Each structure stands twice: as structure tokens, then as C-alpha cells.
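**Student:** First the structure, then my questions, so here it is.
The values are calculated or read from the model by the stated rules, or taken from the named source; none is laboratory data. Quick caveat: nothing in here was measured; it's all calculated off a predicted structure. So basically every Cβ, Gly included, is an ideal-geometry build from the backbone, and we count neighbours across all protein chains shown. Ligands, DNA and RNA are stripped out before the accessible areas are found, and what is left, the full protein with its side chains, is counted by its heavy atoms. Shrake-Rupley method; radii C 1.70, N 1.55, O 1.52, S 1.80 Å.
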Amino acid sequence: MSKLKILLMSPLFLLLGNKIHAQHLWYENETETENITFTRTVDGTFTTDETNPDVSGININTTSSKFVRNADVNRGFTYFDLFTPLTTASKYTITLKAYTDVATSDLSSEPNRLRIYLRNTTTGDFKQITKKFTIGQAWEEFSFVFDKADFTTEGLGSGGYNQLDIGYGNGQESTSTITYYIDQIHGSIPQIPLEEVLKGSWGGRFYIRAGEDLDDYVDNRGYDYIAGAQEIADSYPTMGHVITNATNNANSQLWTLRTNPNVDTVMGATGSVVDEEFVPSLANEQIIIDVIDIFKNSGKKVILYVNTQSPANRATAAGAVAWNNYVDTYFAGDGHAAWMNYCEGYIKRFTEIGVDGYWFDSFGSYNINNSLGANDVASTTEQKAEFVAMIRNAAPNAIITTNIDKDSFVDENGDLILVDTDGVDELVGVDGTGDDPNRDYAIIKMTATNPWSDLTAGHITPLGQGAPPNSWAYEEFTVTDIEESSISIYEENSKQTLKHLFLPIRSTWSSERSDLMFDDEQAYRFAKRITDAGGSVTFSNTTATDGTTSEDEVEILTFIDQQFAINADATVYVRPEGAFLVGEDQNLSIETSLKDDLPLRAFPNPVKDVFSLTKEVASGVLYNALGAKSYQFNNQYKNIDISNLSVGLYLLQVNYKDGRKEHLKLLKE
């Protein structure tokens, strides 16, 4: 009998399980879930954080969003952008809870419709479904089911259906304002803001050569990139992403794929190439396809490096001639149009393979048309915007970062904060007479510097300026800044950008022959602090002479992975002895060396058990979220143990010996 019950009930549980699994929360006021973005209204006013008018029914959230439709109109709209447009003909279900202030008895005479539109804002294609309120002044749940046949080929193309519109009483007039509340919008596919795709992720680098170089490294030098990719996939299960290659480093003409459908179309023949130098053999183009497949099957996000300079810049003389002839013959000399079309063909293929994003290098010097002067900022900015728009159209769900501009930490006067020395070993200069003044370097700050990037490129202060990739100043400033907020906002359009730090694991980029800079504990401390704060970090490990990761780097990556697997605490950062900023008194110990005008910080933050402060203080008090005093300490600023405190957000007040007070937030995990 019990077996029969199980058999009878199983389909029900399967159905329920599928329904729950298939629906993803897109929008909810109380939890601040905004996986779709509100953009504008028509004929009404939209507000958030409004008191729920009825918590006794199916929506017990204390707050929700409200739309007040204007009087003497026959429609009202709120518009939301989808982070993940609908590009495949399939069944999509959207559910939401809604409330109208119209009484049930008046629903037959007052606006009672609720309508959902899915729209492609590029082509104008849309599909709408209308439902009606059956009860007034109470929450009601609505389900809008869009069938596969509802979507047009045109609408699914050109970026897909990228907008959700909610219509209130459309086609029905009212002489008075009508109030609606909406909450808990769910959809069939996840809608994750692109800047959150790598949130809390640590990753590595897998440099694959491209073009004719790929043939040389595989056919002549014996590189086994498949084995190298499989090693990473098998060895580091906690690694969340890998940056590999679409083009060679610093060489935009060399691609890892050979076949480009756009080039075939332009040149009018299958298998057309601009120049054999630019592409690998057909057999070797399968390498990047297999590598991507290996990483994807291991659950890792795949980001591709793309150099964005003109292919003619670093090609051989014959290759440059071939590219310029291609531009003149098929694009009337418009190098920008030719390059966009060229890249689009490859991006389309990579999108089909399942690539998650792109890291665009040299984007600050993007100037494909030779006719543009170096100072023609407006034209080059327009080109960059068109290039990114092309990528967004060819790969709507891909995350993008552009290596353009940098930001560094400044003091209260706006002057750069510079590192004088990195420690005892650096106190002797290159001439043996003392500290080298040319080693003073700025401290990189992860800031949104453009309106296009979903995460910061992460490049550190240039190594040639004397900045080591594992600089103590990055731990003290850059990482601490990420801990304070993992998101940077580009002011011109409020574009949110995830803070991502890209760290060479050796003293030079992508060279296994240079000195190893990170040790196990330090590398894990960087990664742990950044990812705990919700930021992202990538170690630029190198590829040894057989196509696998260098052995000394394997040791470090293995340690990081093992520590993440057990969620181990990181060691506490302590500034190295003999490390100073420019202007600090080198005769003082670390306990008194930090200038008062530098910011007070707690690290790590969030903290599990023990934290330290970047300044010496006389005393400190921690207050919990209710304002109650939870912990107090005196004459201590290092290794403050709060392991006995409850998890939550605390306000830390510190008191200095001169009577000054300062406050900061501390999150206890």
C-alpha cells in the first residue's frame, strides 16, 4: 500500500518540483531583488518601498511597489529591461502578484485589466497577454503563459525580446486615478544582472596562442592545450571562471578560430580568410572549442581575451597589406566597419559554443579608421560605443569588460598616494646607494571608468612602474576598498560595475620564466577577502612549455582551491617591515607610521573571528543593529577577537587619543 502511494504521489511532486525549479524571482520590493530593471512609466507614477495595503492575504511582505494611473487616461505602463533577453522560441511563463484599489463590486465598470508585454525594442516586435482582476482591494496572483508560436523570428533576433511591459487597465477609461500594487514577479529563465555573473568568483588564466602561432605551438612545439585545460578543470573545483583567448595577447589579427561566417558572406566563398597568418588550421581551431567545452562542463565561466587594435598594427608586412586590401575591397576603406563585421562573425560562433564573456584589451586606444586623428575623441568614443553595441547584439548574455583608463587612490588634497618602499628587500636601489626614487608608484583602485563594462578590467598599476603584483598597498587599499563595496557605479548612466582584480602571479604578465611573486597564504588571503566581499579576482597564471600550468603555480592554485573547499579563514594582513608610503616617517614603526589623513579601515571586513584596524586607536565600541553595546576594547587595534559575537551588521566607534571619534560599519559572518 505504501509503495502504491509513493507511485501515485511521485508525479505530483515532480510537477511541483519542476514548477518551483522553472520559476526565478525577477523582482521583489522587500528583498530588493531587481533582476529586471525599471526604466520608465507612461500615464502614471511608479514608486517603491510602499506599505503593503493588505498583509493578510497571499502577499505578506511589508512593502511593495505602487503604480498610480493618471485620471482621464485609458492606459498606464511600467517598463522593465530584461538582463537576459528571450532569444529562443520556447514556452515562457511570467507570474506576479497584483492589487488594485478598485472595490470588487466596481470591477465591471472600472479598469480591471492587467496586461504583460514582451517586446524587442530594436525591431518593435511584441506579444501581449491580458488578464482581469477578479477581486478588488486584495492581492491576486496572475500567470501569463507565452507559447513558442507567440514569438517571431525577427523578434527573437536582433538581441531578442529584451523588455517587459506591465499595462494597467489598458483600453479602459477612468475619470479618477487608479492605484495598483505589484510584487514578486517571477519568470521562466534567470535574470541575473551581468555585473553579478562573477560575483564572489576567483579564477585563473589559460593562455592559448592563436592564428599561425597556434599551429606553431601545437604542431612544432608540442603544446597540449587540451591537457592543460583538463588539468585546470580537474584540479580546482572551487575556481569559478577562466580567462582564455579569442585572440593572441596584444595581437588582434591572430584568432583561435579559423572559420568566420561573416567573412564567408563578404568574400562570397565558404572558408574564406583574410590572410592565412591570421587563422589556425581547421584542425587546430577545434582546440579552443574543446577547451571551452572542458571548462563549461566543469562548471566554470569562460571569458575570452580579445585585443581590439587594428589587425594591421602588429601583423607582418604581408598581413597588414592583406587586411588593408580587405578593408578597401569590401568596405570602401572603412576599417571600423570591417573590424566590427570581422569580430561579429567570431563572436557569433563563440556565443553558440557557450562563452560567458569578453575581456577587451587596448580599448583605450581603439581607433580602427586610419582617417581619424589620435585626438578625435568624439569619433573614437562613438566607435567604441558602436563596437560594444555590436557585441551586446551578437552576445546578449555575455559579460563585458574593457581595458580603458585607470584610477588610483588619492589623499584628501587630491594628490596621488604613492608607495615609497615595499619592504626591507626593496630599501636598496638599483645603484646600491639606497631606495630608488623611480620605484614610487600609485595604488590602483577598481573604479568604473566607462559606461560599457560589467566588471572592471582589473589591471593593476603597470609592472614597469615598479609596482609588484602582490603589493602590500593593494592589500591595504585596493582589497579593502572592495571589501567596503564590491560595486562601482559609472556616474554618467548609473551603470553598475563589479570590482574585479586581475593579478599576475609572477613578476611579468604571461611569462613562466619570470620570478614567482605570490606565496600560498598571501594568494589565498587576496582571493578570500575579495570574494567574501562579493568582488572577483583572477590570477594570471602562466602556461609552461608543454601547454599545462607551471608547476610552482600549481602548488599555489591547489592551496587556494583546498582552502576555499573548507572555507578556511585567511591569515591576517600585516604590513611588511620597512614598507612605507611616500611622506611617511620611515623611522617610525608600523604601529605609528600611518598618517592621520589616511582612511580608517577594518580588515578583513566581513570578519568571521578576528579583525584589525589600519590605525592605532585609544579605544573602540561595537554596537549591534539595535544600538546596544556589544563589545568594547582599549589600546588595541590588531587582532581584535569578536568570535563570540552574533552574526550581523555592527557599527564600530573608535576613539583617538586626541579626543576625535570615527565610525565605520563592520559585518560579522
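**Student:** I need a count of the residues in segment 123-139 that are more than 39 Å from the chain's Cα centre (by Cα) and either among the polar types (S, T, N, Q) or closer than 22 Å to residue 89 by Cβ (or both).
**Tutor:** Within segment 123-139, residues that are more than 39 Å from the chain's Cα centre (by Cα) and either among the polar types (S, T, N, Q) or closer than 22 Å to residue 89 by Cβ (or both) number 2.
**Student:** Another one. Of the residues 577, 551, 484, 521, which single one is open to solvent by 20 Å² or more (accessible area, probe 1.4 Å), in contact (Cβ under 8 Å) with a residue 60 or more places away in the chain and more than 19 Å from residue 199 (Cα to Cα)?
**Tutor:** Unique residue meeting the criteria: 577.
**Student:** Restricting attention to segment 24-39, and to residues there that are open to solvent by 60 Å² or more (accessible area, probe 1.4 Å) and of a type in the set (D, E, K, R), which single residue is modelled with the highest pLDDT? Show your work before the answer.
**Tutor:** Residues of segment 24-39 that are open to solvent by 60 Å² or more (accessible area, probe 1.4 Å), as a first pass: 30-32, 34, 38-39.
Narrowing the set further to residues that are of a type in the set (D, E, K, R) leaves 30, 32, 34.
Numbers: 30: 90, 32: 84, 34: 86.
Among those that are open to solvent by 60 Å² or more (accessible area, probe 1.4 Å) and of a type in the set (D, E, K, R), it is 30.
**Student:** Go through (1) within 27 Å of residue 537 (Cα to Cα); (2) buried (at least 22 other Cβ atoms within 10 Å of the Cβ) one by one and return the number of the condition residue 200 breaks.
**Tutor:** Here residue 200 meets the rest and fails (2).
**Student:** Residue 220 fails exactly one of the following numbered conditions: (1) under 22 Å from residue 503 (Cα atoms); (2) free of Cβ contacts under 8 Å to residues at least 12 places away in the same chain. What is the number of that condition?
**Tutor:** (1)
**Student:** Still on this model: Kindly establish whether residue 638 is open to solvent by 30 Å² or more (accessible area, probe 1.4 Å), more than 30 Å from the chain's Cα centre (by Cα) and not aromatic (Phe, Trp, Tyr).
**Tutor:** yes
**Student:** Right, here's the next one. With the structure loaded, tell me whether residue 498 is open to solvent by less than 30 Å² (accessible area, probe 1.4 Å), farther than 23 Å from residue 575 by Cβ and touching a strand residue (DSSP E or B) at 6+ places or on another chain (Cβ under 7 Å) or whether it fails that test.
**Tutor:** Details: open to solvent by less than 30 Å² (accessible area, probe 1.4 Å): yes; farther than 23 Å from residue 575 by Cβ: yes; touching a strand residue (DSSP E or B) at 6+ places or on another chain (Cβ under 7 Å): yes.
Yes: the conditions hold for residue 498.
**Student:** With the condition being open to solvent by less than 10 Å² (accessible area, probe 1.4 Å), touching a residue at least 24 places away in the same chain (Cβ under 8 Å) and closer than 30 Å to residue 534 by Cα, I'd like the strands (runs of 3 or more DSSP E) fully within segment 89-196 carrying at least 3 qualifying residues.
**Tutor:** Fully inside segment 89-196 and qualifying: 178-187.
**Student:** Let me ask something additional. Looking at segment 554-574 only, could you name the residues that are open to solvent by 20 Å² or more (accessible area, probe 1.4 Å) and touching a residue at least 12 places away in the same chain (Cβ under 8 Å)?
**Tutor:** Correct list: 554, 555, 558, 559, 563, 564, 565, 569, 570, 571, 572, 574.
**Student:** Do you know which residues across segment 140-173 are more than 33 Å from the chain's Cα centre (by Cα) and charged (D, E, K, R)?
**Tutor:** Matches in segment 140-173: 140, 141, 173.
**Student:** As an exercise: evaluate residue 284 against (1) at negative phi; (2) out of contact with any Leu (no Cβ under 6 Å at 6 or more places or on another chain) and give the number of the one condition it does not meet.
**Tutor:** Just one mismatch for residue 284, condition (2).
**Student:** Checking residue 2 against (1) of a type outside the set (Asp, Glu); (2) at pLDDT below 95; (3) touching a strand residue (DSSP E or B) at 6+ places or on another chain (Cβ under 9 Å), only one condition comes out false. Which one?
**Tutor:** So residue 2 meets the others, but not (3).
**Student:** Can you name the strands (runs of 3 or more DSSP E) wholly within segment 469-513 that have at least 1 residues being under 23 Å from residue 559 (Cα atoms)?
**Tutor:** 500-504
**Student:** Give me the pairs, please: first residue somewhere in segment 228-250 and more than 30 Å from residue 313 (Cα to Cα), second residue anywhere and of a type in the set (D, E, K, R) and assigned to a strand (DSSP E or B), beta-carbon distance under 9 Å, and either six or more positions apart or on two chains.
**Tutor:** Correct list of pairs: 240/301; 241/301.
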